[in-house]
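One structure is given here, and the rest of the page talks about it.
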Amino acid sequence: MQIKRLRLTGFKSFVEPTELRIEPGLTGVVGPNGCGKSNLLEAIRWVMGESSPKSMRGGGMEDVIFAGTSSRPARDFAEVAIHCDTEGGGVAGLSDATEGRDLEIIRRIERGAGSAYRANGRDVRAKDVALIFADAATGAHSPALVSQGKIANVIAAKPTDRRAMLEEAAGIAGLHVRRKDAEQKLRATETNLTRLSEIVADMEVRANALRRQARAAEKYKKLSDEIRVAEGRLIYARWRDAAEAADHARRDADAAETAVKTAQTELETVSAAQVEVATRLGTARADAQAQRDALAEATATLVRLQGEERAARQRLDDLAAQQARLADDRAREGELARDAHAALTALDKETKDLTQQVAAHDAGKAALADAHQAAQIRLRDAEVALAQARAKAASEAADRASPFRRATPPRRPFAASVRTRRASMPRSPRSATAPHSPRGRPKAPWPPRRRRRRSRRPKPRCKMPRPTAKRPPPSSPPRKRGSPKRARPLPRSRARPVRSNVRSPRPRAMRSVSSTGCA
């Protein structure tokens, strides 16, 4: 088999119909990388029956259709046609096409429809196409089609693969395919024969069962005929009995009909009498109902009148009681009016007395305020004198307790200086209305207390031990164990006069006067 032409339409990069002629001799396709040289080999393998998308360098068989570019739309189908010269050899499966030497095989694929094969204008199967090329010692997987990396695979092939390649080169690959098909057919035939023997055995079993059923059916048919004759005789006997019974029943029915006519006549008479009685009974019932209604109405009227009588009597009793209560209320109101008049007279008199007392109290309010101010001044002087006396007593006690104290000029007591300063201060006219402490006593306008200033002399950098002076011997003998302790002399720092914060309580009368004056 000699390949003469290859026509491609919409296959991968071949958008427009392209025809490649293969003349006798050596035919080559030269071009840069990516121009589609490998697509020609893939087109030959695809038209020979390649069914693996990976061999076509795609994810699916529809990837061989032109997918389109920015300037060209995508195609919906792809078609590859290969023209071969059989050199006078026969082609299996194409008996009416063996007259010529040309063989045209076309494979067409559409999106969503799959592939279809045509050989010399006839629809054939992919298996038929593979068998045609196998008889010609070629095919989609033939070693004659060498693609990229195929040489290395041939060199590293296993002995089984090499044997397959040699057999294909020798032209017996088609025989192997046919032998394989024949073996598959033989195995299928053996399977069918086994299944047929099983079916025949089953049919024999079923035939035996059907024979038994046929014998039973014949027996059933015979018995059915006998039963039908017996049933016919039974039915005739029953019909004869039924006819006799019908005659007897007809005679009984005639007698019953005569009796019924007689009963109907009597019934009509009784019905007429019943109607007359019912009419009289209805009239009597209507009269009785009218009398019952009149009695009920009279009873209801009597009950209503009795109720009204009891209500009227109860109303008269209530009115009498209310009249007596009104008389009592009138008398009590008169007494209350007299009592209210007497109370109003007493209240007017008491109001006049209270007005006079208030006027007298307002007159003595100023005198009480002056007395309260004078008492406060005397209280402050007494506190100052008490503080001076305590300071003087403490100073004298300190002088008596320390015999080694130097004679120093007497200091001016703090309390005396405060008194002198207070005497020199001008009196404020607001002293009478000075603010009071939480306890009710007026706050004294004390001068602000001075804080002692700390010495600003620099501290010595090194601490030197101070010289200790020897204490003089005690003037009194040492105290024995168990004897009372001697009074220790007060230090010099504590001999100063101390301001006393203790205030003598005021008399109860003074408190009341001060509160009244401040109010």
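The values are calculated or read from the model by the stated rules, or taken from the named source; none is laboratory data. Everything numeric in this text was worked out from a predicted model, so none of it was measured. Because the Cβ atoms are built from the backbone with ideal geometry, glycine has one as well, and the counts that use them run over all protein chains shown. Remember, those area values only see protein heavy atoms, side chains included, never the ligands or the DNA or RNA. Shrake-Rupley method; radii C 1.70, N 1.55, O 1.52, S 1.80 Å.
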| message | Kindly evaluate ALA245 against the criterion of being closer than 30 Å to LYS127 by Cβ, without any contact (Cβ under 8 Å) to a residue 24 or more places away in the chain and either surrounded by 10 or more Cβ atoms within 10 Å (Cβ to Cβ) or among the small types (Gly, Ala, Ser) (or both). | response | no
| request: Would you mind stating whether THR191 is part of a helix (DSSP H, G or I), exposed (fewer than 12 other Cβ atoms within 10 Å of the Cβ), out of contact with any helix residue (DSSP H, G or I) (no Cβ under 8 Å at 6 or more places or on another chain) and modelled with pLDDT under 80? | output: no
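Which residues, taken from the range 333-361, are of a type in the set (Asp, Glu) and open to solvent by 90 Å² or more (accessible area, probe 1.4 Å)? Show your work before the answer.
Our first condition is that a residue be of a type in the set (Asp, Glu); within the range 333-361, this holds for 333, 335, 339, 348, 350, 353.
Correct list: GLU333, GLU335, ASP339, ASP348, GLU350.
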| task | Determine whether ALA182 is farther than 30 Å from ALA136 by Cα, of a type in the set (A, V, I, L, M), open to solvent by less than 70 Å² (accessible area, probe 1.4 Å) and in a helix (DSSP H, G or I). | result | no
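I'm checking my understanding of the structure. Among residues of the range 74-100 that are open to solvent by 50 Å² or more (accessible area, probe 1.4 Å) and over 23 Å from GLU42 (Cβ atoms), which one is modelled with the highest pLDDT? Please lay out each step first, then the result.
First, the residues of the range 74-100 that are open to solvent by 50 Å² or more (accessible area, probe 1.4 Å): 74-77, 87-88, 90, 93, 95-96, 98-99.
Next, from what is left, pick out any that are over 23 Å from GLU42 (Cβ atoms): 87-88, 90, 93, 95-96, 98-99.
Working: GLU87: 73, GLY88: 64, GLY90: 60, GLY93: 57, SER95: 45, ASP96: 50, THR98: 47, GLU99: 52.
The qualifying residue modelled with the highest pLDDT is GLU87.
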| Members of the range 18-34 that are open to solvent by less than 90 Å² (accessible area, probe 1.4 Å), within 25 Å of ARG107 (Cα to Cα) and either at pLDDT below 85 or not in a strand (DSSP E or B) (or both) | ILE22, THR27, GLY28, VAL29, GLY34
| request: Select, from GLU62, GLU50, the only residue that is surrounded by 12 or more Cβ atoms within 10 Å (Cβ to Cβ) and touching a residue at least 60 places away in the same chain (Cβ under 8 Å). | output: GLU50
| Lone unmet requirement of (1) modelled with pLDDT of 85 or more; (2) outside any helix (DSSP H, G or I); (3) out of contact with any Lys or Arg (no Cβ under 8 Å at 6 or more places or on another chain) for GLY58 | (1)
| message | Kindly evaluate GLU297 against the criterion of being without any contact (Cβ under 8 Å) to a residue 12 or more places away in the chain and of a type in the set (Asp, Glu). | response | yes
